[in-house]
Amino acid sequence: MDTEPRTILAIGTKKGLWLAESTDREDWTLNGPHFLNLEVSSVAIDTREGRTRILAGVNDWHWGPSVLYSDDLGATWSEPEAGAIKFPTDTDTALARIWHLRPDTADRPGVVWAGCEPISVFKSTDSGEHFELNRGLWDHPHRSQWGAGFGGAAVHSIVPHAQDENTIHAAMSTGGVYRSTDGGKKWDPRNNGISAYFMPDPLPEFGQCVHHITADAADANRLYAQNHHGVYRSDDSGDHWTSIAKGLPSDFGFVFLSHPRTGGTVWTIPLKADSQRIPVDGRLSAFRSTDAGESWSEQHEGLPDVDYNAVLRDAAAVDDHPGSVGVYFGTRGGEVFASNDEGAYFATVAERLPDVLSVRAGTLAGVRQ
């Protein structure tokens, strides 16, 4: 018979990486730290091609940032001698941080995307061992006008289209959402309807401080955005955006997750803005919609009634478990929570870790006995 699938959870923090493993997604075995005292700003778990590869965007305070990978669940780590991500010499630019790692779809094996600081997109075709700068975005005429969000100037979200390999969306702070329909050669701003209340023109072509974007499971042209004030949906691949914030206690936050199989099911974690950046009323909750943001319901069971720590954009994830989908997130207070029933109840994975920066989950097939 087949055993239950195992779930692996990668938790990147300000001072290292922890890995957790579970068969029921309620009781967890935690190991680490890996890369102790180094910032792990991004992680990814790639289960394509018949193996499990964990990717970590590690910021070494002496040697600088790079992507390291493990094919044995963290027992050993590898890194190209020259570094995985480097700016070409003609750019006269150094990599500051790897904000986001995104394996592409199952039918594009080997392709992994990286969103970086300064604002840039890199692409790997060898499962994250080497990356190449996307010159179309780097050489964009708008680049000199893109600014820095509170955490820095970076591409933090990359969404490859599920059916059309030539269509990619990227979001940056600050600059907004950009789309390419030719595989990354040319990028156009796609922010119509997204507010930038802090600018002289509150509805500019670009310049918005979008915090995160994701795509719907059933319709790859349906996108969601969590903004610096504003929660939005687009039904036409980013050409137009409409607010879906009604029913949420706040329209500020960083997290937006979409169900991997069920269209219209999404999660966000609202925060009290602007400078406070804590859960609304100090009550840590996720909010789920099953109708593409038309209505929202609070999910709080198992979460703290009092918590004043934010959840960052890359510090939340869903898994692809064949049963009920798991929902995960970590806080800046070092707490990590997991739900094995799509957010109905959350269990604690870890406590008192350093500031959680990145969380990703992967499902490992059960062993046949």
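The values are calculated or read from the model by the stated rules, or taken from the named source; none is laboratory data. It should be emphasised that the depicted structure is a prediction, and the values quoted were computed from it without experimental measurement. Quick reminder, even Gly has a Cβ in these numbers, built from the backbone with ideal geometry, and neighbours come from all protein chains shown.
Quick check, is LEU271 of a type in the set (A, V, I, L, M), closer than 20 Å to CYS209 by Cα and either in a helix (DSSP H, G or I) or under 19 Å from the mean Cα position of the chain (by Cα) (or both)? In short, yes. State all residues of the stretch 170-186 that are assigned to a loop (DSSP other than H, G, I, E, B) and either surrounded by fewer than 20 Cβ atoms within 10 Å (Cβ to Cβ) or modelled with pLDDT of 95 or more (or both); if no residue qualifies, say none. Listed by number, the residues that qualify are THR181, ASP182, GLY183, GLY184, LYS185, LYS186.
The condition of being crowded, with 18+ Cβ neighbours inside 10 Å and either under 26 Å from SER234 (Cα atoms) or over 19 Å from the mean Cα position of the chain (by Cα) (or both) holds for only one of ARG332, ARG288, that being ARG288.
Residues being among the hydroxyl-bearing types (Ser, Thr, Tyr), in contact with a Lys or Arg (Cβ under 9 Å, 6 or more places away or on another chain) and under 26 Å from PRO103 (Cβ atoms) are entirely absent from the stretch 194-217. Each residue in the stretch 187-225 was checked for being within 18 Å of THR290 (Cβ to Cβ) and part of a strand (DSSP E or B), and 4 pass. If you go through the stretch 129-168 and pick out every residue that is under 25 Å from PHE254 (Cα atoms) and within 19 Å of the chain's Cα centre (by Cα), you end up with 17.
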